[in-house]
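All remarks here apply to the structure that follows.
Just so it is clear, none of the values below were taken in a lab; they were calculated from the coordinates. None of the values given here were measured: they were computed from a predicted structure. Reconstructed Cβ throughout: ideal geometry from the backbone, glycine too, with neighbour counts over all protein chains shown.
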């Protein structure tokens with residue numbers, strides 16, 4: 001049975017010791033903040049049921065509890081926690097309406113770490129917790145220190161800590177972190193042939209956040225702006241419609257620009273026309289109307 005794998009000998013207040021170890025070992029630097037929150041949440045939910053059984057959740061239920069934006073984000077955080085040895089997870093079965101099962105574990109190398117005071121006095125100038133240096137990487141009480149931890153910054157950590165720590169272990173920024181709306185707005189207003197964006201209202205910020213969650217937009221919106229001014233809008237005319245930011249933030253606009261949908265400079269080898277401005281020229285659909293006319297057989 002799956003439940004038989006759940007440890008039955010956990011002492012009272014195990015969750016508190018577990019969370020202190022998460023802090024002392026700087027686990028958040030290794031597995032990320034979301035995985036840290038996931039582990040701490042599961043630990044205290046185990047404590048609430050007196051360590052009698054695993055904690056059961058469907059991914060969609062657990063995601064808002066720990067603050068995960070999407071199920072993919074939660075899956076990635078859970079995988080990091082499992083790989084580091086801080087969490088056990090048994091997948092469920094949606095077809096049978098079986099939820100996934102969770103319980104926390106302490107990595108073997110940290111099982112013998114003392115559960116004493118954890119405050120600024122326990123850290124030397126290097127930022128390393130002094131108690132960690134009492135144990136070798138194997139977890140045995142060797143007592144051998146590679147350097148003085150009193151603040152002379154000598155020696156290496158007994159437990160390796162990540163180089164260039166990042167909120168995401170692979171060092172990549174999450175969607176939307178690299179560029180906020182204000183920077184996008186600045187870039188947009190510096191683009192030729194567009195209507196300036198003067199208001200950073202909630203609707204536009206929400207649309208920008210949604211688009212930044214899409215790989216096609218996040219990776220290529222700058223390239224799309226470099227294609228401006230778009231020739232299909234005939235922006236040299238005084239009364240021409242100019243693209244605005246709301247049009248640019250619609251789904252698939254960036255993809256359409258990069259695919260050349262709004263580039264009529266070549267005109268398919270035919271003599272270039274100067275189409276009369278339709279009554280809807282002040283609307284974003286102007287470009288789509290003109291594209292339809294040019295693609296119709298003559």
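How much length is gained on full extension from residue 186 to residue 69, taking 0.36 nm per residue of separation minus their Cα-Cα distance?
That pair, residue 186 and residue 69, stretches by 39.4 nm at full extension.
Once Rh is set to the Kirkwood radius over Cα pairs, what Stokes-Einstein translational diffusion coefficient, in µm²/s, holds for region 24-104 at a temperature of 10 °C and a viscosity of 1.306 mPa s?
124
Quick one: length gained pulling residue 256 to residue 223 fully straight, 0.36 nm per residue minus the C-alpha distance?
So the extension gain works out to 10.7 nm.
Which ordering of 241, 71 is given by a fewest-first count of other beta-carbon atoms within 10 Å? Don't skip to the answer; put the middle values down first.
On the way: 241 20, 71 13.
Fewest-to-most Cβ neighbours within 10 Å comes out as 71, 241.
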